[in-house]
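Asker: Below is a structure I'd like to ask you about.
The values are calculated or read from the model by the stated rules, or taken from the named source; none is laboratory data. Computed from a predicted model, the values in this text were never measured in an experiment. Counting neighbours? That spans all protein chains shown, and the Cβs are built from the backbone with ideal geometry, glycine included. These accessible areas exclude ligands, DNA and RNA; they are computed on the full protein's heavy atoms, side chains included. Shrake-Rupley method; radii C 1.70, N 1.55, O 1.52, S 1.80 Å.
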Amino acid sequence: MKIITHSKPCVGTAEIHRIRKVISSGRISSGKEAAAFESEMAEFMGLKTATAVSSGTAGLCLAMQVLGIKENDEVIIPSLVCTAVLNAVLFLRAKPVLADSAEECNISAIDVRKRITKRTKAIIVPHLFGQPADMKSLCALGIPIIEDCAQTIGAECQGKMAGQWGEMSVCSFYATKILTTGEGGMVLSNNKKYNEKIRSIIDYDEKIRFSAGFNFKMTDFQAAMGRSQLKKLPNFISRRRYIAKRYNDALAEKSILLPLPPEDRGHIYFRYVVSNVKNTAKKMEAFQKLGISVRKPVFKPLHMYLGMEGFPQAGKIWETSLSLPIYPSLSDNDVERVKNTALKIL
Ligand SMILES: *Cc1c(COP(=O)(O)O)cnc(C)c1O
């Protein structure tokens, strides 16, 4: 039986050709390719500047650093997100303040408002699973926002695009993200000053005056791979939407919640997450027995890692949701198999 994995990078010969060219050129650290990737990404995201970095986590750290976040400053993050976001806040020795989710999975503006104090310096807003958060309500809170676009590039959001609302936006190019460079990330912004500061932190060598920095750069062969991935992004997104539609149509009669975005937002289906599902552990096992890898969309909410209570919506989403395989390289046959198995099990 062929196993259908939960996620998979979509890399082809175009990437290999470009990487080979860069490596043959002998210029393999961060240079021209990284600069070109930055301007192409900025153009795609509709933002003025971008800086390529070594990971999404590094990007979040740099974004917080240039916002001036220091020890004991409070940064609000959702409980329902991967540990990378918590790690970034802790790396700066800032204080993570968790917030609950809205019903649509992303951080709840209503809950964030309750958690704002005099020491709140920023909110990190991940757009989870390919669906943008409620940026209008979150921006109305008046706290600087870092958008975490690790899972959502190219989705419409309340008249703009996800990534165009906050002070800065951070992407991740980890192996199985929407675009990949193996490992990698980017910080984008409309404020050139932020990016100049980030550049001065990561480009610290041979300066007249010393100022503390750190190496968070992306190599040129990674950037070459990223440029080739970015060319494919429109096709990636339409393939993801096509697969999601197949699943949505098939599962419409089921008494579960399908991942349909609110009217004012789009969805690029980085993940296909169904919720209000009973006995998720048993169902994951049943999928596994039939050769299909189905996961929890978030391994464990942060409040559970930290032994905290008071995040009912995040807890409920975690309890009752499952993420089905969805990626551009999933063949029509495999889509059919996932769909039919889901019809049987869910
Ligand atoms: C993947 C991811 C990150 C971290 O990105 P890395 O490149 O793995 O460091 C941060 N936030 C979210 C929402 C992610 O999905």
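Asker: List, in order, the whole-Hz ³J(HN,Hα) value for each residue of segment 4-21 obtained from phi through the Karplus relation with A = 6.51, B = -1.76, C = 1.60 and θ = phi - 60°; use x for Gly and Pro.
Answerer: Working through the residues one at a time gives 9, 6, 6, 8, 6, x, 10, 10, x, 5, 4, 4, 4, 4, 5, 5, 4, 4 Hz.
Asker: So what's the net charge close to residue 169: Lys and Arg +1, Asp and Glu -1, counting the other residues with Cβ under 11 Å from its Cβ? Kindly include the intermediate steps, with their values, before the conclusion.
Answerer: Numbers: positive: none; negative: 147, 148, 167.
Once positives and negatives cancel, what remains is -3.
Asker: Using only alpha-carbon positions, what ratio does the radius of gyration of the chain give when scaled by 2.2 N^0.38 Å?
Answerer: On the way: Rg = 20.1 Å, N = 346, 2.2 N^0.38 = 20.3 Å.
Working it through for the chain, the quotient is 0.99.
Asker: OK, next. Using a probe of 1.4 angstrom, how much of the accessible area of segment 260-346 is carbon and sulfur, in percent? Walk me through the numbers before you get to the answer.
Answerer: Values: 2180 of 4200 Å².
Of all accessible area on segment 260-346, carbon and sulfur atoms account for 52 percent.
Asker: With a 1.4 Å probe and every protein chain kept in, tell me what percent of the accessible surface of segment 1-70 is carbon plus sulfur. Display every interim value, and only then the final one.
Answerer: Numbers: 2070 of 3610 Å².
Answer for segment 1-70: carbon and sulfur cover 57 percent of the accessible area.
Asker: Also: So which trypsin sites (Lys or Arg not before Pro) in segment 82-143 pass both tests, a DSSP loop state and at most 16 other Cβ atoms within 10 Å of the Cβ? Walk me through the numbers before you get to the answer.
Answerer: Numbers: sites: 93, 113, 114, 115, 118, 119, 121, 136; in loops: 93, 118, 119.
Here the trypsin sites (Lys or Arg not before Pro) that fit, given the DSSP loop and packing criteria, are 93, 118, 119.
Asker: Any aspartates and glutamates with Cα under 18 Å of the residue 316 Cα? List them, leaving off those in the same chain fewer than 8 positions away.
Answerer: The reachable aspartates and glutamates, counting only those whose Cα sits under 18 Å from residue 316, are 100, 103, 104, 111.
Asker: Compute the length gained on full extension between residue 91 and residue 256: take 0.36 nm times their separation in residues and subtract their Cα-Cα distance, giving the result in nm to one decimal.
Answerer: Working: separation 165, 0.36 × 165 = 59.40 nm, distance 3.85 nm.
That pair, residue 91 and residue 256, stretches by 55.5 nm at full extension.
Asker: Distance check, please: which entries in 48/217; 8/217; 2/300; 118/197; 8/300 exceed 30 angstrom between their Cα atoms? Walk me through the numbers on the way to the answer.
Answerer: Values: 48/217 20 Å; 8/217 25 Å; 2/300 28 Å; 118/197 26 Å; 8/300 21 Å.
None, as every Cα separation is 30 Å or less.
Asker: Scanning the chain for chymotrypsin sites (Phe, Trp or Tyr not before Pro) in DSSP loops with at most 15 other Cβ atoms within 10 Å, what's the longest stretch left with none? Numbers along the way, then the final one.
Answerer: Working: sites that count: 204, 210, 214, 299.
My reading of the result: 1-203 is the longest stretch.
Asker: Related question: Just to verify a number: FRET efficiency for residue 137 and residue 35, C-beta to C-beta distance, R0 = 45 Å, to 0.05? Let's see the in-between values first.
Answerer: Numbers: r = 36 Å, r/R0 = 0.80.
Once the sixth-power term is evaluated, E becomes 0.80.
Asker: Related question: With a 1.4 Å probe and every protein chain left in place, work out the accessible area per residue of segment 1-152 in Å², rounded to a whole number. Before the final figure, lay out each step's value.
Answerer: Values: 6650 Å² over 152 residues.
Roughly 44 Å² per residue, with all protein chains present.
Asker: May I ask you to list the aspartates and glutamates whose Cα is less than 14 Å away from that of residue 95, ignoring any residue fewer than eight positions away on the same chain?
Answerer: Hits, sequence-local ones excluded: 71, 73, 74.
Asker: Report ³J(HN,Hα) in whole Hz for each residue of segment 203-210, in order, from the Karplus equation J = 6.51 cos²θ - 1.76 cosθ + 1.60 where θ = phi - 60°; Gly and Pro get x.
Answerer: 9, 9, 7, 6, 9, 5, 10, 7
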